[in-house]
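A.B. asks: Take a look at the following structure, please.
The values are calculated or read from the model by the stated rules, or taken from the named source; none is laboratory data. What you see is a predicted model, and the numbers here were worked out from it, not measured in a lab. In this analysis, Cβ positions are derived from the backbone assuming ideal geometry, glycine residues included, and neighbour counts consider all displayed protein chains.
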Ligand code: PMP
């Protein structure tokens, strides 16, 4: 019989799939790494598993422990999966811009969810960073993974995501494009891919960060944007800028238009940070020769955004229905 002992044992080993329609006019091969195939539905399952295993080993997380984390949802799902298996309780702190759908998913897994305002500074007592710090202080046996500084986050990508991409492209990848939230994905997978390709005759893999306009990674002030899970208003410890060769800033409008095209044209119902990453990847690929191989990582599924990006009224309320010259997203969907 072929079966897994537990759903949490199925983290990683996600597939690469070629993009065929949105790549029109581009000679290079563009491959998407589909992270919604992870059991919790996002790339964050990888860091959740690694952070919990490391905390058990170091003794920071003890039997009956409580995992407290500020998370936009995906890390919470990964932690909840791993916690269920090992008998921990989870309390998650979310900013209020995170969709109600995502918060309900966390509650469905049995986690407690605390919602905080997005519009306050990180050091404000009501910010989701401050609230989670207070909860950790006041809860017995609490452990905060702190995905923003925990080096086991990037390490999980160094050990799994990077090697999978190298293996599945037969070492032919030329560019790796991904968004950066904590920076774990780009720093860990980026480091692996740059190291493993360092002595290759065709040169080292170039690592490109896709970033929402306004985020500090692309030189912004940290002003708000609507794409979830990526960009920052501070520099997290999990982000290693020395692994990043280029940064491409993408607007909310362009990110969401591409997100909708991926569902409509590629059969990939994915989140807004995926549309952002693909938009950046295509801008990179446009200038590359036919033998280039661009891998773009798609962090999560579109199911958590049905009432936002995939809702015409929500899109129109932000003025996002006009894309591609004369055509509107509404026209594309007709
Ligand atoms: N997209 C989404 C939807 C996410 O939840 C995250 C994680 N915050 C990312 C992208 C970015 O991944 P990382 O934290 O590894 O930079």
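A.B. asks: Got a number for residues in the range 203-231 being touching a residue at least 40 places away in the same chain (Cβ under 8 Å), within 30 Å of residue 307 (Cβ to Cβ) and away from the ligand (no atom under 13 Å from the Cβ)?
C.D. replies: 1
A.B. asks: Is it the case that some residue within the range 253-271 is away from the ligand (no atom under 16 Å from the Cβ), over 16 Å from the mean Cα position of the chain (by Cα) and not in a helix (DSSP H, G or I)?
C.D. replies: Yes, because at least one residue in the range 253-271 is away from the ligand (no atom under 16 Å from the Cβ), over 16 Å from the mean Cα position of the chain (by Cα) and not in a helix (DSSP H, G or I).
A.B. asks: If you don't mind, there's one more thing I want to ask. If you take the residues of the range 26-49 that are in a strand (DSSP E or B) and under 11 Å from residue 300 (Cβ atoms), which of them is nearest to the ligand (Cβ to nearest atom)?
C.D. replies: Here the residue is 42.
A.B. asks: Considering only residues that are out of contact with any strand residue (DSSP E or B) (no Cβ under 7 Å at 6 or more places or on another chain), touching a residue at least 12 places away in the same chain (Cβ under 8 Å) and away from the ligand (no atom under 14 Å from the Cβ), which ones fall in the range 160-171?
C.D. replies: Result: 163, 164, 166, 171.
A.B. asks: Can you work out which of the residues in the range 50-70 that are within 16 Å of the ligand (Cβ to nearest atom) and either surrounded by fewer than 24 Cβ atoms within 10 Å (Cβ to Cβ) or outside any helix (DSSP H, G or I) (or both) is modelled with the highest pLDDT?
C.D. replies: 69
A.B. asks: Further question: Just to be sure, is residue 171 assigned to a helix (DSSP H, G or I) and at pLDDT 95 or above?
C.D. replies: In short, no.
A.B. asks: Does the range 133-150 hold any residues that are out of contact with any strand residue (DSSP E or B) (no Cβ under 7 Å at 6 or more places or on another chain), more than 17 Å from residue 94 (Cβ to Cβ) and surrounded by 15 or more Cβ atoms within 10 Å (Cβ to Cβ), and which are they?
C.D. replies: Passing the criteria: only 150.
A.B. asks: Answer yes or no as to whether residue 200 is more than 17 Å from the chain's Cα centre (by Cα), more than 16 Å from the ligand (Cβ to nearest atom) and either surrounded by fewer than 18 Cβ atoms within 10 Å (Cβ to Cβ) or within 25 Å of residue 321 (Cα to Cα) (or both).
C.D. replies: When the stated conditions are applied, residue 200 passes them.
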